[in-house]
Amino acid sequence: MNEVSVYRFQVWDREVRDNVWAPRMATQEAIKREHGVADLLTETRVDKADVDGDGFYPEEKTIPESALTAMQPDRVEPARWYFGVRCNACDRPIAMLEDPLQGMGEEAWKLQKLMRVECAYCKAVSYAQELRRFRSARRYV
């Protein structure tokens, strides 16, 4: 695997008039172009193929709709980061896919259209326009 280092970094946001964390990690070269400041303690080695042409990670990719189904509860590992939704009926988090950056990247992913999600726990149906990041505290059985 051809690896490269990526980092979390901050950039100046004119609207809030303060430094803010960028939504994606990047190489040091990309951070310099953005006039950002890297947090060197967040260095992560990743496959160069997963970095886009501008040096940002992860490369923005379309998530196939078929990949967006509720994970079975026994596949959700404690203390791991996932993207998903909260069930409108039982309020449990419904993991849809594992966060590849394990809590270091974007807070939410907007979806192109409203998605129907069946809760793996109570079987209620919820609808979502975005997937939110959350950390699994324990297994729900």
Surrounded by fewer than 18 Cβ atoms within 10 Å (Cβ to Cβ) and modelled with pLDDT under 90: is that true of Ala22 in this structure? no
Among the residues of the stretch 54-76, is any of a type in the set (S, T, N, Q) and either within 22 Å of Asn2 (Cα to Cα) or touching a helix residue (DSSP H, G or I) at 6+ places or on another chain (Cβ under 7 Å) (or both)? no
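Here is a yes/no grid of residues against (1) aromatic (Phe, Trp, Tyr); (2) out of contact with any Ser or Thr (no Cβ under 7 Å at 6 or more places or on another chain); (3) at pLDDT 85 or above:
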| site | (1), (2), (3) |
| --- | --- |
| Arg33 | no, yes, yes |
| Gly53 | no, yes, yes |
| Pro58 | no, yes, no |
| Thr69 | no, yes, no |
| Val76 | no, no, yes |
| Tyr82 | yes, no, yes |
| Arg86 | no, yes, yes |
| Glu98 | no, yes, no |
Being at pLDDT 85 or above, farther than 16 Å from Leu101 by Cα and surrounded by fewer than 16 Cβ atoms within 10 Å (Cβ to Cβ): is that true of Arg45 here? no
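What tally of residues in the stretch 1-43 results from selecting those that are part of a strand (DSSP E or B), under 16 Å from Asp54 (Cβ atoms) and touching a residue at least 40 places away in the same chain (Cβ under 8 Å)?
Here the count works out to 4.
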Being on the phi < 0 side of the Ramachandran plot, buried (at least 19 other Cβ atoms within 10 Å of the Cβ) and part of a loop (DSSP other than H, G, I, E, B), is that true of even one residue in the stretch 49-57? yes
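The values are calculated or read from the model by the stated rules, or taken from the named source; none is laboratory data. Bear in mind the structure is a predicted one, so any value in this text is a computation, not a measurement. Neighbour counts run over all protein chains shown; Cβ positions are idealised from the backbone, glycine included.
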